[in-house]
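Notes for the one structure printed next.
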Amino acid sequence: MLPYFLIKGNGTAGVLALLPGLLLGAIIITSCAFWNKTCEGYTLFPALTEMLGTFLGKAVGFGFVLFYASFAVSCLYGFIEVINGHLLLETPRMVIAIGIFLLVGVLSWHGLEDIARTATLCASLVLVISLLMLMGSKGVFSIENLLPVRLGEPESLLIAMRQSFFAYGGLLSLFMVYPALSRNAHVSKKLMLAMGVSSVAVSLWIILALGVFGQYSTGSMIWLPLELARMIQLSSFLERTEALFAILWMVVVVANGGMLVWCVTEGVHQLFGKKKNSWLHWGTIALLVGMGMQTKNVLGLLQLQQKLSMLSLFWIPILLLFVIVGSLRYRHRQRREEGLGL
């Protein structure tokens with residue numbers, strides 16, 4: 001949904017709203033690298049309790065879990081709305097939600113390494129989708145549609161900036177993912193590459209949509225990638241390009257959703273000090289399904305994302321502040337103990 005918020009009301013100039021998100025992304029990556037170097041060998045929750053004490057560490061850890069859960073619900077239910085609103089119109093929304101969450105639940109149960117390998121495959125699929133769109137847009141893309149670049153609704157730009165901030169806040173998952181893959185550098189590099197490819201692809205889709213549909217039409221599209229796939233004729237024998245796109249997109253969503261759900265379920269396991277427990281795993285996923293079903297339709301999902309984007313302006317910096325301060329305190333304590341010969 002991020003492209004919708006970016007373009008609505010401001011057209012090409014709305015891309016400026018990505019700047020706060022990019023800045024936040026750089027801060028999260030830098031903070032994660034510093035924390036991981038300071039607390040090497042620790043996963044997130046043990047590190048937090050070691051740095052901040054048991055009570056405060058678990059409270060901050062619970063804040064991370066809540067963010068992961070809200071982000072996972074927001075992302076996965078966005079795709080569920082696409083399926084329910086455009087492809088499976090007669091299928092109950094609950095059935096689609098259960099099906100999607102069963103897929104990501106099974107994937108997350110098998111562990112992060114399987115998710116990372118699947119994400120690598122998905123990066124290739126994203127490239128295929130992007131190339132198909134690029135080829136299909138040759139006859140209808142116009143650079144004139146990107147012009148003029150001017151702000152139309154400053155208020156919409158502020159909303160888009162909040163959405164960008166929330167979207168890039170998803171990089172907080174690195175605090176769970178990176179320690180788990182630290183012993184497998186090859187898989188870790190593949191996962192980071194896959195995340196980078198996905199980010200570049202989204203930017204390409206925005207530019208293509210603006211060049212094909214124009215600024216006004218693009219700003220009114222909620223599911224921008226699906227509309228782009230539907231309106232572009234790739235070849236004479238591909239009759240329903242949006243169906244092809246939805247299939248490919250589903251593979252990508254399941255992989256990304258698997259990683260997000262893994263962050264939630266692994267966080268819950270660490271929060272309660274449990275090892276792999278099927279009841280805790282599937283109970284957490286059932287809770288995520290229930291959370292998402294509170295949004296009755298796409299309008300409800302849009303409202304939820306706007307509320308979450310507002311909360312993220314405080315939520316994300318507070319979490320990062322605790323991690324950074326805790327890391328500094330932990331490093332200071334280590335040096336003091338080394339100085340005392342303890």
Next on the checklist: Can you tell me which condition His110 does not meet? The list is (1) open to solvent by 80 Å² or more (accessible area, probe 1.4 Å); (2) modelled with pLDDT of 70 or more; (3) touching a Ser or Thr at 6+ places or on another chain (Cβ under 8 Å), and all the others hold.
Outcome noted: (3)
Checklist entry - Before we move on, is Ser203 assigned to a loop (DSSP other than H, G, I, E, B), modelled with pLDDT under 85 and touching a helix residue (DSSP H, G or I) at 6+ places or on another chain (Cβ under 9 Å)? => result no
Next on the checklist: Cβ-Cβ distance below 8 Å, separation of 6 or more or different chains: which pairs start in segment 284-299 with a residue that is more than 20 Å from Ser108 (Cβ to Cβ) and end on one that is surrounded by 14 or more Cβ atoms within 10 Å (Cβ to Cβ) and of a type in the set (Val, Ile, Thr)?
Outcome noted: Val298/Ile222
Checklist entry - From the list Ile98, Ile83, Ile28, which one is more than 21 Å from Ser173 (Cβ to Cβ) and modelled with pLDDT of 85 or more? => result Ile98
Checklist outcome for this item: Expected single match for modelled with pLDDT under 85 and open to solvent by less than 10 Å² (accessible area, probe 1.4 Å) among Ala33, Ala17, Ala72 is Ala17
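The values are calculated or read from the model by the stated rules, or taken from the named source; none is laboratory data. Quantities reported herein were computed from a predicted structural model and do not represent experimental measurements. No Cβ is skipped: glycine too gets one built from the backbone with ideal geometry, and neighbour counts run over all protein chains shown. With ligands, DNA and RNA removed, areas are computed over all heavy atoms of the protein, side chains included. Shrake-Rupley method; radii C 1.70, N 1.55, O 1.52, S 1.80 Å.
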